[in-house]
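Before any comments, here is the structure.
Laboratory data are not the source of any read-out in this text; all were calculated from the coordinates shown. Bear in mind that the values here come from a model prediction, so they are computed numbers and not experimental data. Counting neighbours? That spans all protein chains shown, and the Cβs are built from the backbone with ideal geometry, glycine included.
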Amino acid sequence: MMRLLVILLSFLTIPIIHAQTLDSVIAPLASKSLLLDITVINQSNLVVVGERGHILLSTDGVQWQQAQVPVQVTLTAVYFTDEDNGWAVGHDATILSSKDGGLSWQVQQHLPQVEKPLLDVLFLDKDNGIAIGSYGLFYRTNDGGEHWAIEHHNELLYPEDQTYLAELKLQDEEAYLDVQSSILPHFNRVVADGRTLYLAGEMGLIAKSNDFGVSWEKLDEIYPGSFYDINRTQEGNLLVVGLRGHIFRSLRNGTPWQAIDSDVTGLLSAIVLSDDQRIFILGNNGILLESRDDGATFTKHLQKDGKALIAGVWYENKIIAVSDVGIKTINLTK
């Protein structure tokens, strides 16, 4: 039975901070720089984010236009609810928003004093969203990002850490606040599966929520290392990937998990689902794995340049991926 402790919420509104931000530089080689996430809007328009505040747009996956962006911090993730409304997050707890399909961006939050990166962002609709990151960084908005409130989800700690925090709060409020900001694991990825959210993170963290992240239930620990992506396959099973080539597959919504042989030892960073029932997993050292049996087995297609494939989307019968050397197009015929 799910056991949820009271979530420590701070309802203080986080102010929009524009100080110390600089517009990103329009760079001719931006499409070949370190890029960290990619999304496709309505199966047509592509949006990519990466280092130095770079955001790139494309309508064909070949020609890329760099957007004007009001920050130079590294951007780690991007998400659109529809063809107009999107958000990007990154270092310094930065959150940007766009209302024109990514052509222009505005700062909703920029907090250099936080000194932590946000690593993913997800919206239920154009008003309700969450942004997650390192050391349990977690922000929520219910007004499209005009205001963001921080949350501390201590139910995702080990029981002994929960007890320690509760005791520390009674003894030393200042020490409690300091520990609270660093004791939670990194939250690497959050995905929506209907009304359920799944969270993947550091120290083997896998959790689910049925109330858009207000409360979380940890799933059984299956591996002590970090996970970087989780998704439901085309046939309805769960797949999670992480460090040292680890892949786990669940036929029953998170329990039990079956270890899948990847035949690689590099970090696995992203799961890409095709529209022809194939599953691809991207990773470091040019790792590209393909499954044609819903994730039960995988075949290796190692990329010759050995560069990390960080994230990707299925677009017009091919993979458009981002890497530490920019945008890569990968054709794998069936």
Around Ser209, with a cut-off of 11 angstrom between Cβ atoms, what is the net charge of the other residues, counting Lys and Arg +1 and Asp and Glu -1? -1
Note, Asp100: beta-carbon cut-off 12 Å, +1 each Lys/Arg, -1 each Asp/Glu, net -2
Cα centroid distance between region 166-184 and region 26-88, in Å? 38
Going residue by residue through region 31-40, the Karplus relation 6.51 cos²θ - 1.76 cosθ + 1.60 with θ = phi - 60° gives ³J(HN,Hα) values, rounded to whole Hz and with x marking Gly or Pro, of 6, 10, 8, 5, 10, 10, 7, 8, 9, 10
Sparsely packed GluC sites (Glu not before Pro) within region 207-316, loop by DSSP, other Cβ within 10 Å at most 15: Glu221, Glu235, Glu316
Any idea how far the Cα center of region 309-323 sits from the one of region 92-150, in Å? 24
With a point put 7 Å past each Cα toward its Cβ, work out how far Asp263 is from Thr333 in nm, to one decimal. 2.2
Prolate/oblate/rounded label for the chain (Cα gyration tensor, a/c 1.5): oblate
Whether region 27-136 is rounded, prolate or oblate, judged on the alpha carbon gyration tensor where a/c under 1.5 counts as rounded: oblate
How large is the helix-only mean residue ellipticity at 222 nm for the chain, computed as the sum of -39500 (n - 2.57) over DSSP H runs with n ≥ 4, divided by its residue count, in deg cm²/dmol to the nearest 500? -2000 deg cm²/dmol
Could you calculate the FRET efficiency of Leu302 with Thr59 from 1/(1 + (r/R0)^6), where r is the beta carbon distance between them and R0 is 41 Å, rounded to 0.05? 0.85
Under 14 Å between alpha carbons - lysine pairs in the chain that sit 8 or more apart or on different chains: 8
Could you identify which residue out of Leu124, Leu282, Leu267 has the top mean-square fluctuation in a GNM of the chain using Cα springs shorter than 10 Å? Leu124
Glu83/Leu124 FRET efficiency (R0 22 Å; Cβ-Cβ; nearest 0.05): 0.80
Given His91, Gly129, Gln68, which one lies farthest toward the positive end of the charge dipole of region 20-148, if we put +1 on the Cβ of every Lys and Arg and -1 on the Cβ of every Asp and Glu? His91
Which loop GluC sites (Glu not before Pro) in region 51-115, with loop taken from DSSP, have no more than 15 other Cβ atoms within 10 angstrom of their Cβ? Glu83, Glu115
Mean-square fluctuation check for the chain, GNM, Cα pairs under 10 Å: which of Gly242, Gly312, Gly286 is largest? Gly286
Three-way shape call for region 106-155 based on the alpha-carbon gyration tensor, with the a/c threshold at 1.5: oblate
List the equivalent ellipsoid semi-axes of region 225-334 in whole Å, largest first, each obtained as the square root of 5λ for an eigenvalue λ of the Cα gyration tensor. 21, 16, 11
Gaussian network model of the chain, Cα within-10 Å springs - most flexible of Leu46, Leu309, Leu22: Leu22
